Amino acid sequence: MKAMHLSMRDPRSYRWSGKAKESTRRGEKTMDKRRDRPNILLIMTDQQAERMRKSRGYPLDTMPFLDALAGQGVQFTNAYTANPTCMPARVSLFTGRYSSCHQVRCNTSDLAAFYSKDLLDVLKEAGYRTALCGKNHSHRRSEAFDFCRQNTHWGSSDPKRENQGRQSFDRFLRALENGVSMEPSPGGVEAQLPYRNVSDALEFIDSADPRPFFLWLSFAEPHNPYQVPTPYFNLFPPDSLPVPTPPCAGKGMRFSWLRAQWETLYGKERCDAVIRRCRSNYLGMLRLIDDQIRRLMDEMEKRGLQNDTIVIFLSDHGDFAGEYGLVRKGADLPEALVRIPMIWKGPGIEAKGDYEGCFANIVDVLPTLCEALRVSVPAGVQGRSLWSVLTGRRGAGKPESIAYSEAGYGGDYWSDEDELPPVCRGVHKEGAFDCLNSITQSGQVRMVRKGQWKLQYDMKAQGHLYDLGTDPFEEHDLWRDPTCEKKKCELLEVLAQKCLQLTDTLPVPPDRFAVKHFVPNDGKGGSAE
């Protein structure tokens, strides 16, 4: 067998120059193309705040259909993203690896993706036909899918396919840039991208093919630009929304600096009113998405697919959505950004509803599907299978007993004393402010959560400590509280241990070195409860 190396012909990913012999269970075919394998429907939203649904304690009923769907399967109430940034999180989803190892640590570094095999590789080898309908923003190109209808936040990637009404709506999105619409969006519901995504998904489902399918239905919403049409505009009026967490004065420099950017952009007097409109549009878009998920599931039931399809619903990361006087993302690792919705439903999965017994992470999707399909987990995968939790049967391993997330591409934080480099000039033009790519992800920060306690630590030895049981919105930092010193030291040790456990096993040559799979000692971990 040949050694592993970085392929110079394919700089986007780590590849084997020779494939290792994969172990199989007795009677198992890892390349099995039998039709009895379930279809897989992966529904992803972009930047969805986990708390903003009634089933999660929010006062407003934003996504009633999704809440009902969660009761028919398993809803992980302690699910986290690997990185609260779009592309790093999506690469983590597909590779089962954290951004510090797959190397995609910002939104434009997809060529750096480093892995052995990803979810698409696994599914194609297992005999699946694959489709993407919606936003990509991963390390994979459109040609990697058997069927691809792609869009960005600003419209279709193939405008010639769209009618004049939809082309006009896409021009509206491009003019809006990253901003917020203070009026109902033109074009009605059928011009909206989620409606078009579901129509494309149904076209793929109806295409004749005996193979099972994997469909990645990837909504670009509720991510900014914050817009929504009638009847969803003012469905949740700005002046009647629940009062958000107070402004960020006590959250540290990164929060106050980010708030200052919004005030520079919109003006101090106008800023809060604009953010209320952002919240209103955001909640209205959640209901629009919910209605489109209902539409898709109704159509799948008409086709008799409801009992033959594993349905996964999740988001890549969260959104401040008005909490702390902020919107979008870009500061630290608060629960508002790192917590994600995660729901599983389908054949073999028990109807447990809310499940609080472990932590789940976006990196767990790949190993979970590998166990469900009885295929080998690729080398270098760092997530854990959730299949035993989903099915109630003994599985390949235990779920995670701590939550972990990371962010940043290195360097130091930008502050008011710094003159921004040329790449950042023009960011304070309305609609163009970049809350993420060019400014706020400089630096490095990591977090762990064990039980109800959460610790965040950065490259400057600055830390935060929160008791989420009594302080779910992280308003009271206990880092310097002498009565919490023991808990702080305990979590610092947990964080150090987790970082060591995530030492990448790639690219160790398997023909010369034997890597034993590491299973953390869960006896020291504690539960998510």
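The values are calculated or read from the model by the stated rules, or taken from the named source; none is laboratory data. Just so it is clear, the structure is predicted and the values come from calculations on it, not from any experiment. So basically every Cβ, Gly included, is an ideal-geometry build from the backbone, and we count neighbours across all protein chains shown.
Figures for the structure shown
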read-out	value
Number of positions in region 398-425 that are of a type in the set (Gly, Ala, Ser), modelled with pLDDT under 75 and either within 24 Å of the chain's Cα centre (by Cα) or more than 18 Å from residue 330 (Cα to Cα) (or both)	0
Qualifying positions in region 478-506 - modelled with pLDDT under 95 and either touching a helix residue (DSSP H, G or I) at 6+ places or on another chain (Cβ under 6 Å) or acidic (Asp, Glu) (or both)	504
Residue satisfying all of: in region 196-211; within 25 Å of the chain's Cα centre (by Cα) and either surrounded by 19 or more Cβ atoms within 10 Å (Cβ to Cβ) or at pLDDT below 95 (or both); farthest from residue 129 (Cα to Cα) among these	196
Flag if residue 219 is at pLDDT 95 or above, crowded, with 17+ Cβ neighbours inside 10 Å and over 19 Å from residue 178 (Cβ atoms)	no
Spans of helices (runs of 4 or more DSSP H) in region 31-104 with at least 1 residues surrounded by fewer than 17 Cβ atoms within 10 Å (Cβ to Cβ) and in contact (Cβ under 8 Å) with a residue 60 or more places away in the chain	64-71
Hits in region 455-484 - residues which are in a loop (DSSP other than H, G, I, E, B) and loosely packed, with under 13 Cβ neighbours inside 10 Å	460, 461, 469, 470, 476, 480
Residues satisfying the stated conditions in region 114-129, i.e. aliphatic (A, V, I, L, M) and either under 17 Å from the mean Cα position of the chain (by Cα) or assigned to a helix (DSSP H, G or I) (or both)	119, 120, 122, 123
Pair list, Cβ under 6 Å, 6 or more apart: region 285-303 residue in contact (Cβ under 8 Å) with a residue 60 or more places away in the chain and surrounded by fewer than 18 Cβ atoms within 10 Å (Cβ to Cβ), other residue part of a helix (DSSP H, G or I) and not aliphatic (A, V, I, L, M)	294/65
Matching entry among 294, 259, 254 (being basic (Lys, Arg) and modelled with pLDDT of 90 or more)	294
Residue tally, condition in a helix (DSSP H, G or I) and either of a type in the set (A, V, I, L, M) or out of contact with any strand residue (DSSP E or B) (no Cβ under 9 Å at 6 or more places or on another chain) (or both), over region 237-265	18
Number of the exception - residue 487 against (1) under 19 Å from residue 250 (Cα atoms); (2) over 28 Å from the mean Cα position of the chain (by Cα); (3) buried (at least 16 other Cβ atoms within 10 Å of the Cβ)	(1)
Test result for residue 333, crowded, with 24+ Cβ neighbours inside 10 Å and hydrophobic (A, V, I, L, M, F, W, C)	yes
